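The values are calculated or read from the model by the stated rules, or taken from the named source; none is laboratory data. This structure is a prediction, so every number in the text was calculated from the model and none was measured. For neighbour counting, all protein chains shown are included, and Cβ atoms are generated from backbone atoms with ideal geometry for every residue, glycine included. The area values use the complete protein model at the heavy-atom level, side chains included, leaving out ligands, DNA and RNA. Shrake-Rupley method; radii C 1.70, N 1.55, O 1.52, S 1.80 Å.
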Amino acid sequence: MQSRLLTFTNARGDSITFRNGSSFFISNVDGLGDVDADIQMQQAPFQDGGTYLDSILTSRAISFRVNIRGDNDTDISRKRSQLAALFNPKLGPGTLEYRYGEIVRIIKAVPEHVPIFPSEFENRGRRHQVGLVDLICPNPYWMTTSITEEPAFEPRFRFP
């Protein structure tokens, strides 16, 4: 089975990798594949229907649930603070990296708010805490980590 990893790096360079078996792991990830489109149409007077002009992708919204594991209440509180500092919206855009086997994709993302830590019994205990993270990606396109460029021209003209 291929392992899936998410790593968020904020504008300061601080990062956390979310993986199974670690102190921070994720579940219920939404928004990795779907993006809404805004269909641009126009209509002339007395025209039935409309004329298609263009489709524009909206910003990508990614949300996920973070499960925090710790040794005791103090450790959980420290890890909550670490997560809140990492996902501070005032820092601006960070980078979200998604790994699935050999596939690596990155996208710029801004936290929509500081992580939410629900207080219900099933979300908070002495050795666990659940947090909710919502990210907005202004540019909806996933990018690769390597850029390959072709030369802009081929030099064929030479001086003697």
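Kindly check whether there is at least one residue in the range 135-145 that is in a strand (DSSP E or B) and farther than 24 Å from V35 by Cβ. Let's see the steps before the verdict.
If we filter the range 135-145 for residues that are in a strand (DSSP E or B), which is where we start, we get 135-137, 143.
Retained after the next criterion (residues that are farther than 24 Å from V35 by Cβ): none.
For the range 135-145, residues in a strand (DSSP E or B) and farther than 24 Å from V35 by Cβ: absent.
Testing S81 on (1) farther than 17 Å from A11 by Cβ; (2) touching a Cys at 6+ places or on another chain (Cβ under 9 Å), one condition comes back false. Which one is that?
(2)
Answer yes if at least one residue in the range 84-99 is at pLDDT 85 or above, polar (S, T, N, Q) and either more than 16 Å from T7 (Cβ to Cβ) or touching a Cys at 6+ places or on another chain (Cβ under 8 Å) (or both), and no otherwise.
Just the residues of the range 84-99 that are at pLDDT 85 or above, to begin with: 84-99.
From what is left, the residues that are polar (S, T, N, Q) are 88, 95.
When the remaining residues are screened for being either more than 16 Å from T7 (Cβ to Cβ) or touching a Cys at 6+ places or on another chain (Cβ under 8 Å) (or both), the result is 88.
Yes, there is a match, as at least one residue in the range 84-99 is at pLDDT 85 or above, polar (S, T, N, Q) and either more than 16 Å from T7 (Cβ to Cβ) or touching a Cys at 6+ places or on another chain (Cβ under 8 Å) (or both).
So in the range 32-46, with the set limited to residues that are in a loop (DSSP other than H, G, I, E, B) and at pLDDT 90 or above, which one is nearest to F64 (Cα to Cα)?
First, the residues of the range 32-46 that are in a loop (DSSP other than H, G, I, E, B): 32-36, 43-46.
Remaining after also requiring at pLDDT 90 or above: 35-36, 43-46.
Details: V35: 16, D36: 18, Q43: 40, A44: 44, P45: 46, F46: 47 Å.
Result: V35.
Check the range 75-86 and report whether any residue there is farther than 18 Å from V130 by Cα and either among the hydrophobic types (A, V, I, L, M, F, W, C) or touching a Ser or Thr at 6+ places or on another chain (Cβ under 6 Å) (or both).
Of the range 75-86, the ones farther than 18 Å from V130 by Cα are none.
Looking for residues that are farther than 18 Å from V130 by Cα and either among the hydrophobic types (A, V, I, L, M, F, W, C) or touching a Ser or Thr at 6+ places or on another chain (Cβ under 6 Å) (or both), one finds none in the range 75-86, hence no.
Can you name the residue in the range 78-102 that is open to solvent by 60 Å² or more (accessible area, probe 1.4 Å) and either outside any helix (DSSP H, G or I) or among the hydroxyl-bearing types (S, T, Y) (or both) and, of all such residues, is nearest to S119 (Cα to Cα)? Please lay out each step first, then the result.
If we filter the range 78-102 for residues that are open to solvent by 60 Å² or more (accessible area, probe 1.4 Å), which is where we start, we get 78, 80-82, 90, 93, 99-100, 102.
Keeping just the survivors that are either outside any helix (DSSP H, G or I) or among the hydroxyl-bearing types (S, T, Y) (or both) gives 81, 93, 99-100, 102.
On the way: S81: 15, P93: 28, R99: 31, Y100: 32, E102: 38 Å.
Among those residues, the one meeting the criterion is S81.
Taking Q47, is it over 17 Å from D134 (Cα atoms), open to solvent by 40 Å² or more (accessible area, probe 1.4 Å) and touching a Gly at 6+ places or on another chain (Cβ under 6 Å)? Outline the logic, then answer.
Numbers: over 17 Å from D134 (Cα atoms): yes; open to solvent by 40 Å² or more (accessible area, probe 1.4 Å): yes; touching a Gly at 6+ places or on another chain (Cβ under 6 Å): no.
The answer is no for Q47.
Inside the range 1-19, can you point out the residues that are over 19 Å from Q82 (Cβ atoms), touching a residue at least 12 places away in the same chain (Cβ under 8 Å) and in a loop (DSSP other than H, G, I, E, B)? Break it down stepwise before answering.
Keep residues of the range 1-19 that are over 19 Å from Q82 (Cβ atoms), which gives 1-4.
Still in the list and also touching a residue at least 12 places away in the same chain (Cβ under 8 Å): 2-4.
Those that are over 19 Å from Q82 (Cβ atoms), touching a residue at least 12 places away in the same chain (Cβ under 8 Å) and in a loop (DSSP other than H, G, I, E, B): Q2, S3.
Could you please find all residues in the range 47-63 being touching a Cys at 6+ places or on another chain (Cβ under 9 Å) and assigned to a strand (DSSP E or B)? Write out each step before concluding.
Within the range 47-63, the subset touching a Cys at 6+ places or on another chain (Cβ under 9 Å) is 59-62.
Across the range 47-63, the qualifying residues are R60, A61, I62.
Which residue out of D73, D134 is surrounded by 12 or more Cβ atoms within 10 Å (Cβ to Cβ), touching a Lys or Arg at 6+ places or on another chain (Cβ under 7 Å) and not small (G, A, S)? Please lay out each step first, then the result.
On the way: D134 fails: touching a Lys or Arg at 6+ places or on another chain (Cβ under 7 Å).
The unique qualifying residue is D73.
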